[in-house]
Amino acid sequence: MDGVGGSDLEERARAVIPNGMYGHQSVAQMPPGTPQFFTKAEGTRLWDTEDRSYIDFMAAYGPNLLGYNHPQIEKAVRAQMALGDTMTGPGPVMVDLAEALVGMISHAEWAMFCKNGADATSMALVVARAHTGRRKILVARGAYHGAHLWNTPRPVGTVAEDRAHIQYFDYNDLNSLEDAVRMAGSDLAAVFAVPYRHDTYADQVELDPEYAHGVRRICDEHGALLIIDEIRAGFRLARDCSWDSVGAAPDLSCWGKVLGNGQPISALVGVDELRGAAGEIFVTGSFWFSAVPMAAAVETLRIIRESDYLEHLQDIGAYFRDALRGQAESHGFALRHSGPVTMPMILFEDDPGFAQVNHWCRIAMRNGVWLSPYHNMFINGAMTRGDIDEALNATDAAFADLKRNRAAL
Ligand SMILES: Cc1ncc(COP(=O)(O)O)c(C=O)c1O
């Protein structure tokens, strides 16, 4: 992209890292020229290796809830760092953190900690099988629960047996779920659900509470566990588990991303009935008990409980959505802004190959705003209406550029 990306560092990366990068932080799916590396992040902003700054609507793909380098969280990190981090056993902070989660998430009566979202979803799967003695796990088609063998969206190097007992249904479609339940028969262990449908390259679909109640009922009728994967949307919709908030409490829920506002930590929490199974399985990792991320999480949860961060995210998100819609209309574009305002997905009408949204994001990025053309974005707590106004200048220029170049795309 005109002056952005293609740095010497990226050349060096290609020599020593396969494809120069891998996984969700590879910029391969982003507009051409998107920078791959960043030197720093502060509050709402990112800096690339050419020292260009961006107002960041990706929040590290979710973890940045309250702003990069949040002063209170960093203070807690430094205090714990001075005492000890990865030790021969966990610090007392592990119990503080478990108590905090149990106090905040209605269905939670115990908590276990790990590093990544995929650790937590895989642990949920194992607990469900251990508790029920059954094998089948139902997953919504297209839903992402992490890159472990049973769910990776790119199954190169896996074998069919890795997902032999995973069956699929369509999100928001109870008939489809019932068909999958019938196929699983008496071997059904659990149903995974996300707080609302947030697949990539697609409009987001907000949760229908009736659907949530239907899923809960079906699980109860068949003796199956309900697992909510809150990794991406956790604490961005509610201060509780989102399905608890609509009266469809799960048996297990998985948390990650925002938990330590960027520090590596994730969690599985569950109801009392599953305490036995959770205590029987063997799950661990060299860094799962590190105290610094736990201290960050205790402080992040305190801020979640005590501040108006959520109302702020909602206010900023609505302000961005409304202004963007007006701007698109004034340039003659129909925008599809879907999902909760705190986690917007932005696509264009009449853009089946995503060429328009790619171009728009590319020009906005050239003007200092980091937007994604294929993944939902995230409002963070450091954003002000002033940041949004600044971002809107960039999106305005991007709409104008798109209008001039649309025919050639
Ligand atoms: C809904 C959901 N579940 C699980 C994961 C996996 O989390 P992690 O990348 O931390 O393993 C993600 C990551 O994007 C996610 O969005």
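Summary of the geometry: the range 314-328 and the range 121-154, compared by the centres of their Cα atoms, lie 36 Å apart. Each Lys or Arg adds one and each Asp or Glu subtracts one; over the other residues with Cβ under 12 Å from the Cβ of R216, this totals -4.
For the range 146-292, compute Rh as the Kirkwood radius over C-alpha pairs and then the Stokes-Einstein diffusion coefficient at 25 °C and 0.890 mPa s; write the answer in µm²/s, rounded to an integer. Answer from the Stokes-Einstein relation: 146 µm²/s. Size descriptors for the chain: radius of gyration and Dmax over Cα atoms are 21.5, 63 Å.
Each other residue within a Cβ distance under 12 Å of S330 adds +1 if Lys or Arg and -1 if Asp or Glu, for a net charge of 0.
The phi-based Karplus calculation (6.51 cos²θ - 1.76 cosθ + 1.60; θ = phi - 60°) puts the 3J(HN,Hα) values of the range 398-409 at 5, 4, 4, 5, 4, 4, 5, 10, 3, 4, 8, 6 Hz, whole numbers, x for Gly and Pro. Short-range pairs are left out: with C-alpha atoms under 8 Å and at least six residues apart, the relative contact order of the chain is 23 percent.
For the pair R12 and R78 in one chain, pulling the backbone fully straight at 0.36 nm per residue adds 20.5 nm over the alpha carbon distance.
Sparse packing (at most 16 other Cβ atoms within 10 Å of the Cβ) combined with a DSSP loop state is found for the following GluC sites (Glu not before Pro) in the range 310-409: E349.
Close Lys pairs in the chain, defined as Cα atoms under 23 Å apart and 8 or more places apart or on different chains, number 6. Relative to the dominant Cα principal axis of the chain, helix 355-366 is inclined by about 70°. Residues whose amide H lies under 5 Å from that of G381, counting only those 5 or more places away or on a different chain, are L66, G67; hydrogens are built 1.01 Å from N in the peptide plane. The ranking of C254, C361 by Cβ neighbour count inside 10 Å, starting from the fewest, reads C361, C254. Each peptide in 128-135, 200-207 receives the mean, over its residues, of other Cβ atoms within 10 Å, and ordering these scores from highest gives 128-135, 200-207. Taking each residue as 0.36 nm, the span from D170 to A400 lengthens on full extension beyond its C-alpha to C-alpha distance by 79.0 nm. Under a 5 Å amide H cut-off, with hydrogens placed 1.01 Å from N, F348 pairs with R336, V357 among residues at least 5 apart or on other chains. The range 189-212 and the range 5-46 have Cα centres separated by 30 Å. When only Cα pairs below 8 angstrom with a gap of at least 6 residues are kept, the range 42-159 shows a relative contact order of 13 percent.
Of the trypsin sites (Lys or Arg not before Pro) found in the range 22-107, the ones in coil according to DSSP and having at most 16 other Cβ atoms within 10 Å of their Cβ are R52.
In the chain, the DSSP-assigned H stretches of four residues or longer account for a calculated mean residue ellipticity at 222 nm of -12000 deg cm²/dmol, using -39500 (n - 2.57) per stretch and the full residue count as denominator. Looking at the chain, the DSSP beta bridges with both ends there are about 60 percent antiparallel.
Bear in mind these aren't lab numbers, they're just calculated from the coordinates by the rules spelled out. No experiment lies behind these values; they were computed from the predicted model shown. As a convention, Cβ positions derive from the backbone with ideal geometry for all residues, glycine included, and neighbour counts pool all protein chains shown.
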